[in-house]
Amino acid sequence: MKMNSKALIIATVGVIWLIVGMTLLTELSVPFKDLLVRFAGHHWVGKSLVAVIAFSGIYLLSQDKEESADVLKGAYAVVGSVVLGGLIIFSFFLYSFVAG
Amino acid sequence: MSILVGLHAFLGEAGALAFFLVFISLLSPSEASIRRARVAACWGVIFLVGSWMIGGWHYLTDYALVVKPVIKAGPFPWAHLVMTETKEHVFLFLPFLAVLTWGLIKRYQGELVENRNARTAVLVLAVFIVLIAFAMAGMGFIISSGYRAALEASAL
């Protein structure tokens with residue numbers, strides 16, 4: 001099976017932002033946290049499972065896309081998403097701690 | 001201290017070393033070094049997924065029941081409230097970054113010698129995985145230190 005690089009990159013960027021979104025939503029929304037707990041027994045396990053399902057789903061839905069000639073640009077998009085997403089997560093928890 | 005912590009850290013760092021080997025192998029690519037990079041990336045995925053599973057097991061058992069309440073009651077509660085909370089979520093990026101990198105090597109394995117764009121993409125991702133994995137180790141050290149400080153404070 002030939003991998004589709006564009007689909008891989010779209011799936012990776014998508015799942016990174018999904019994880020960031022779920023992380024913030026879990027802290028801000030009790031119903032969402034309860035939904036994850038009902039789904040998987042623990043909110044972190046729920047996030048992990050949703051991320052795996054989403055990555056696979058996004059890849060499968062994107063695998064017919066035409067591949068880009070500039071896969072390096074996609075790699076930078078992934079790196080940028082991780083850095084920005086990580087900073088958002090860290091800043092959120094730091095703010096939550098400082099604000100009490 | 002649970003053996004799960006040691007196993008989690010070992011697998012995480014083994015994953016980091018695997019992707020460091022990917023990086024080194026592709027700096028001067030040849031058919032043999034590309035094959036080596038592909039195998040190393042595959043092992044890197046396995047190690048990081050293993051670290052994910054073992055870390056999760058520890059997090060849901062020993063850490064939740066014993067470690068977390070001690071840290072939160074100790075002199076450095078931010079070791080959990082900021083560091084663990086950040087680490088447990090940023091870590092989730094790693095397995096997907098690993099799968100992406102392995103996938104790109106597999107996709108472009110016949111072209112990595114002459115396709116500089118694809119090769120640079122893999123190099124960037126591989127070194128980034130190493131950096132994130134070592135950042136995870138650093139955060140783990142801070143969390144463990146927060147636990148130790150809390151134990152020492154309660155003993156005095």
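Worth a mention:
- With every protein chain in place, the protein assembly as shown: carbon and sulfur % of accessible area (1.4 Å): 70
- Computed over the protein assembly as shown, the percent of Cα pairs more than 22 Å apart is 56.
- Entry note, chain B: the mean residue ellipticity at 222 nm calculated from DSSP H runs of n ≥ 4, each adding -39500 (n - 2.57), is -26500 deg cm²/dmol after division by the residues and rounding to the nearest 500.
- Solvent-accessible surface (1.4 angstrom probe) belonging to B:E13, in square angstrom, nearest 10: 50
- Computed from Cα atoms, the angle from the helix A:71-99 axis to the main principal axis of chain A rounds to 0 degrees.
- Averaging the sequence gap over all C-alpha pairs within less than 8 Å and six or more residues apart, then dividing by the number of residues, gives the range B:1-147 a relative contact order of 36 percent.
- Computed magnitude of the charge dipole of the protein assembly as shown (debye, nearest 20; Cβ of K, R +1, Cβ of D, E -1): 220
- Taking Cα atoms only, the orientation of helix B:116-155 departs from the longest principal axis of chain B by about 10 degrees.
- Our note on the geometry: Cα centres of the range B:41-119 and the range A:23-65, 16 Å apart.
- Mean ellipticity per residue at 222 nm, deg cm²/dmol - from DSSP H runs of n ≥ 4 across chain A, formula -39500 (n - 2.57): -29000 deg cm²/dmol
- Normalised per residue, the accessible area of the range B:64-156 is 41 Å², obtained with a 1.4 Å probe and no contribution from ligands, DNA or RNA.
- Taking all protein chains as they are arranged and a probe of 1.4 Å, the heavy atoms of A:K6 leave approximately 80 Å² accessible to solvent.
- Leaving ligands and nucleic acids aside, the B/A contact buries around 3200 square angstrom of accessible area in total at a 1.4 Å probe radius.
- Listing of the range B:90-108 residues, each with accessible area lower by at least 20 Å² in the full protein assembly than in the chain alone (probe 1.4 Å): B:V90, B:L92, B:F93, B:F96, B:L97, B:V99, B:L100, B:G103, B:L104, B:K106, B:R107, B:Y108
- About the centre of its Cα atoms, chain A shows a dipole size close to 120 debye [charges on the beta carbon of Lys, Arg (+1) and Asp, Glu (-1) only; nearest 20 debye].
The values are calculated or read from the model by the stated rules, or taken from the named source; none is laboratory data. Model, not experiment: these values are computed from the prediction. Glycine also receives a Cβ, built like all others from the backbone with ideal geometry; neighbour counts cover every protein chain displayed. The protein model used for the area step is the full one, side chains on, heavy atoms only, and it has no ligands, DNA or RNA in it. Shrake-Rupley method; radii C 1.70, N 1.55, O 1.52, S 1.80 Å.
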